[in-house]
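What follows is a single structure, written as structure tokens, with notes after it.
The values are calculated or read from the model by the stated rules, or taken from the named source; none is laboratory data. All figures in this text were calculated on a predicted structure; none of them were measured in a lab. Note that we place each Cβ from the backbone using ideal geometry, even for glycine, and neighbour counts take in every protein chain shown. Accessible surface areas use protein heavy atoms only, side chains included; no ligands, DNA or RNA. Shrake-Rupley method; radii C 1.70, N 1.55, O 1.52, S 1.80 Å.
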Amino acid sequence: MQQSTQLKQTPLHTLHLLLQGRMVPFAGYQMPVEYPAGVMKEHLHTRAAAGLFDVSHMGQVIVKAKSGSYEDAALALEKLVPVDILGLKPGRQRYGFFTDESGGILDDLMITNRGDHLFVVVNAACKDQDVAHMKAKLISCDVELIEDRALIALQGPCAEAVLAAIWPDVAHMKFMDVRELVYHGAACIVARSGYSGEDGFEVSISALHAFELATALLEHKDCKPIGLGARDSLRLEAGLCLYGNDIDTTTSPIEASLEWALQKARKAGGDREGGFPGAARILGELANGTTRRRVGLKPEGKAPVRSHAKLFADAEGNTELGEVTSGTFGPTVEGPVAMGYLPTSHAAAGTQVFAEVRGKYLPMTVATLPFITPTYKR
Amino acid sequence: MLKFTAEHEWLKLDGDVATVGITSYAAEQLGDLVFVELPKVDQELVKDGNGATVESVKAASDVYCPLNGTIVEVNQAIVDDPSLVNSDPQGAGWFFKLKLKNVADADALLDEAAYKDLIA
């Protein structure tokens, strides 16, 4: 119990207890890993209807230029991420990552143009470090970690219908649109995005109103609470990276197969080419390729292959190739799914490799990501 | 006679053969099982050695062998459908039958009342 008293609670803690969530320590918080329905049913429910996730442990940060201009804030943040932020339109969101001088990834994040400032969402485990990083490097900006707001994700094919019962306007939003909407007098930031491969939303709301909103959403017959366990299996089927597993300071964005997140403006020949930490390596890898790549891996048998399982070219374990970085059972795929890093020579879809699991070498096939067909509303 | 271990296994003794499985409490803690790996028939197992492996969506867990003995039968049904372990852990979800090296060893295991105290 000593440990749990040191763990932080989200604004929805009481709700998790009422819903009989199984609470576990995660990134310094007490979080529900699953509810009585269990990971399997929660995962399938999210893909079939709508799932509500408490992601209030994530860091919500406001970055505002002292000049008050969006352009100044965007240009400042572009010095830390290899993404086109200046070109992001008001009310639009984009995926990105902080890179370090050696071209590794310090964290991944979502960046929103909120008109006169940036709204940034970073990983829970990295938020203190990210805020310190931005405060140190963005001297022309005020950087504020907002600690009095909850973040509620609503994911799945019925997410729009569930949220439209509260805000009919959300039906007009497209993938990566962000709007400010009011709930009982409280201004909320609503983004049409998420981490499941499904259409859905993330709602930033004041801690005081979070319980009321979550409860109202859960009253809808299609909406059920979903824990971190299913959040992980959903994102893995969707081919999305988990920071600390699939990407970290030892992986470059190009090795991680995230080159799609770099827009033209920041690449060679672009208007604002380079100018972010590790640009020489990252732009070099874009031009010349890398020696290894993050790939999807489909175990041929029924056994899940977990993170840190070693990958080999042969069934005898002679030639080591790399490592699995995430692996679990995919309830929608109805079989095990994984991701990992392989040399470019072995990274083509269809290549067979072998994973060491409990002294055996299990065959896996390099697979195209994602494992499911995303239903983002583009 | 029904016996239990502190590692949340149950044993049903019939002569010198024990049918072994995991308790309802263990099945609930593990969550939905998606994969089961069982020992082979005729395999000799030692007490506290690895008896079987179960995997939920979240993680892999070892099922320890509760006593010294030889595997005489395994339950292929839970390999084909691991959810049987969740739905009927102390019945159709049994793991394996172990011919005990020394039947008297079972006396040292927990009885049902002692196990219930342990998980209370």
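Structure above, values below:
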item	result
Test result for residue A:154, modelled with pLDDT of 95 or more and either under 19 Å from residue A:96 (Cα atoms) or of a type in the set (Lys, Arg) (or both)	no
Residues of the range B:1-46 classified as open to solvent by 70 Å² or more (accessible area, probe 1.4 Å), under 17 Å from residue B:92 (Cα atoms) and within 12 Å of the chain's Cα centre (by Cα), total	1
Subset of the range B:65-87 [buried (at least 16 other Cβ atoms within 10 Å of the Cβ) and closer than 30 Å to residue A:26 by Cβ]	B:82, B:85, B:86
All positions within the range A:293-302 that are assigned to a strand (DSSP E or B), more than 11 Å from chain B (Cβ to nearest Cβ) and within 27 Å of residue B:30 (Cβ to Cβ)	A:296, A:297, A:298
Any hit, the range A:303-319, residues being more than 14 Å from every other protein chain (Cβ to nearest Cβ), free of Cβ contacts under 8 Å to residues at least 24 places away in the same chain and among the basic types (Lys, Arg)	no
So residue A:50, is it surrounded by 21 or more Cβ atoms within 10 Å (Cβ to Cβ), over 22 Å from the mean Cα position of the chain (by Cα) and more than 14 Å from chain B (Cβ to nearest Cβ)	no
Test for residue A:251: is it outside any helix (DSSP H, G or I), of a type in the set (Ser, Thr, Tyr) and out of contact with any strand residue (DSSP E or B) (no Cβ under 9 Å at 6 or more places or on another chain)	no
Qualifying residues in the range A:129-150 (those that are touching a residue at least 40 places away in the same chain (Cβ under 8 Å), acidic (Asp, Glu) and out of contact with any Phe, Trp or Tyr (no Cβ under 8 Å at 6 or more places or on another chain)) - the one farthest from residue A:12 (Cα to Cα)	A:142
Tally, over the range A:143-167, of residues that are farther than 25 Å from residue A:374 by Cβ, of a type in the set (Asp, Glu) and surrounded by 14 or more Cβ atoms within 10 Å (Cβ to Cβ)	1
Qualifying position, being in the same structural domain as residue A:42 (by TED's automatic domain parsing), more than 24 Å from residue A:22 (Cα to Cα) and surrounded by fewer than 21 Cβ atoms within 10 Å (Cβ to Cβ), among A:218, A:208, A:286, A:181	A:181
Single unsatisfied condition, residue A:93 versus (1) part of a strand (DSSP E or B); (2) out of contact with any Ser or Thr (no Cβ under 6 Å at 6 or more places or on another chain)	(2)
Scan of the range A:348-376 for residues that are under 29 Å from residue B:36 (Cβ atoms) and under 19 Å from the mean Cα position of the chain (by Cα), ordered by number	A:369, A:370, A:371, A:372
Which listed residue, of A:257, A:233, is surrounded by 17 or more Cβ atoms within 10 Å (Cβ to Cβ), in contact with a strand residue (DSSP E or B) (Cβ under 7 Å, 6 or more places away or on another chain), among the hydroxyl-bearing types (Ser, Thr, Tyr) and within 14 Å of another protein chain (Cβ to nearest Cβ)	A:233
Any hit, the range A:356-374, residues being under 19 Å from residue A:236 (Cα atoms), open to solvent by less than 30 Å² (accessible area, probe 1.4 Å) and either free of Cβ contacts under 8 Å to residues at least 60 places away in the same chain or within 14 Å of chain B (Cβ to nearest Cβ) (or both)	no
Filter pass, residue A:170 being assigned to a strand (DSSP E or B), open to solvent by less than 20 Å² (accessible area, probe 1.4 Å) and either of a type in the set (A, V, I, L, M, F, W, C) or over 21 Å from residue A:11 (Cα atoms) (or both)	no
Residue in the range A:25-44 that is more than 14 Å from chain B (Cβ to nearest Cβ), part of a loop (DSSP other than H, G, I, E, B) and surrounded by fewer than 21 Cβ atoms within 10 Å (Cβ to Cβ) present	yes
Exclusive hit being touching a helix residue (DSSP H, G or I) at 6+ places or on another chain (Cβ under 8 Å) and within 18 Å of residue A:241 (Cβ to Cβ), set A:306, A:292	A:292
Within the range A:332-378, tally of residues that are in a strand (DSSP E or B) and either of a type in the set (Phe, Trp, Tyr) or assigned by TED's automatic domain parsing to the domain that holds residue A:160 (or both)	3
Options A:190, A:203; residue that is under 26 Å from residue A:41 (Cα atoms) and either open to solvent by 30 Å² or more (accessible area, probe 1.4 Å) or part of a strand (DSSP E or B) (or both)	A:203
One residue from A:84, A:100 being within 30 Å of residue A:262 (Cβ to Cβ) and surrounded by fewer than 20 Cβ atoms within 10 Å (Cβ to Cβ)	A:100
Top-ranked residue of the range A:59-74 - restricted to ones that are in contact (Cβ under 8 Å) with a residue 60 or more places away in the chain and open to solvent by 10 Å² or more (accessible area, probe 1.4 Å), ranked as farthest from the chain's Cα centre (by Cα)	A:67
The one condition in (1) in a loop (DSSP other than H, G, I, E, B); (2) within 14 Å of chain B (Cβ to nearest Cβ); (3) open to solvent by 10 Å² or more (accessible area, probe 1.4 Å) that residue A:329 fails to fulfil	(1)
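Here is a yes/no grid of residues against (1) within 14 Å of chain A (Cβ to nearest Cβ); (2) touching a residue at least 24 places away in the same chain (Cβ under 8 Å):
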residue	(1), (2)
B:29	yes, no
B:34	yes, yes
B:38	yes, yes
B:59	yes, no
B:65	no, yes
B:70	no, yes
